Amino acid sequence: MEVTRGSALRVIVHVGSNCLADAAALAAQAEGLGAAAIAALAPSYFKPAGSTALVNCCAQIAAAAPRTPFYFYDIPVFTGVHVSTPGFLAEARERIPNLAGLKFTNRT
């Protein structure tokens, strides 16, 4: 953040982690430092079992930085988490007020 201060560059901080407490702490730190947005992918070790569990994970991370746009990085080939993207978005819209979008890297 220090390197981009005073420039037109905007920083999106990836805060994803297999530990949700760590991801939330990183999200809060990113917001405190003035990041333009935060992003996270699904935990890949203890995988969320469906879209509701994935939304719960993302909601916990996003809530730690409530004034910062949150983006979900959907890349199941890397995480092994396969959920319906439209289903995720429908649920997430209700639970994650700062959801700004997602990066879709999904073959389905």
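The values are calculated or read from the model by the stated rules, or taken from the named source; none is laboratory data. From a predicted model like this one, the values you see are computed outputs, not experimental measurements. Counting neighbours? That spans all protein chains shown, and the Cβs are built from the backbone with ideal geometry, glycine included. The protein model used for the area step is the full one, side chains on, heavy atoms only, and it has no ligands, DNA or RNA in it. Shrake-Rupley method; radii C 1.70, N 1.55, O 1.52, S 1.80 Å.
Quick notes on this structure:
- Scanning region 47-57 for residues that are open to solvent by less than 40 Å² (accessible area, probe 1.4 Å) and either closer than 18 Å to residue 77 by Cβ or touching a residue at least 40 places away in the same chain (Cβ under 8 Å) (or both) yields 48, 51, 54, 55.
Rundown of residues vs (1) on the phi < 0 side of the Ramachandran plot; (2) of a type in the set (A, V, I, L, M); (3) at pLDDT 95 or above, yes/no style:
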| site | (1), (2), (3) |
| --- | --- |
| 12 | yes, yes, yes |
| 57 | yes, no, yes |
| 61 | yes, yes, yes |
| 75 | yes, yes, no |
| 80 | no, no, no |
| 87 | yes, no, no |
| 99 | yes, yes, yes |
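To keep it simple, each residue is scored yes or no on (1) farther than 20 Å from residue 9 by Cα; (2) among the small types (Gly, Ala, Ser); (3) at pLDDT below 95.
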{"position": "29", "(1), (2), (3)": "no, no, no"}
{"position": "39", "(1), (2), (3)": "no, yes, no"}
{"position": "44", "(1), (2), (3)": "yes, yes, yes"}
{"position": "68", "(1), (2), (3)": "no, no, no"}
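- Conditions (1) farther than 16 Å from residue 28 by Cα; (2) surrounded by 14 or more Cβ atoms within 10 Å (Cβ to Cβ); (3) without any contact (Cβ under 8 Å) to a residue 40 or more places away in the chain; (4) not β-branched (Val, Ile, Thr); number of the one not met by residue 90: (2)
- Verdict on residue 106 being free of Cβ contacts under 8 Å to residues at least 40 places away in the same chain, of a type outside the set (D, E, K, R) and within 19 Å of residue 11 (Cα to Cα): no
- Of residues in region 18-46 being buried (at least 18 other Cβ atoms within 10 Å of the Cβ) and in a loop (DSSP other than H, G, I, E, B), the one nearest to the chain's Cα centre (by Cα): 42
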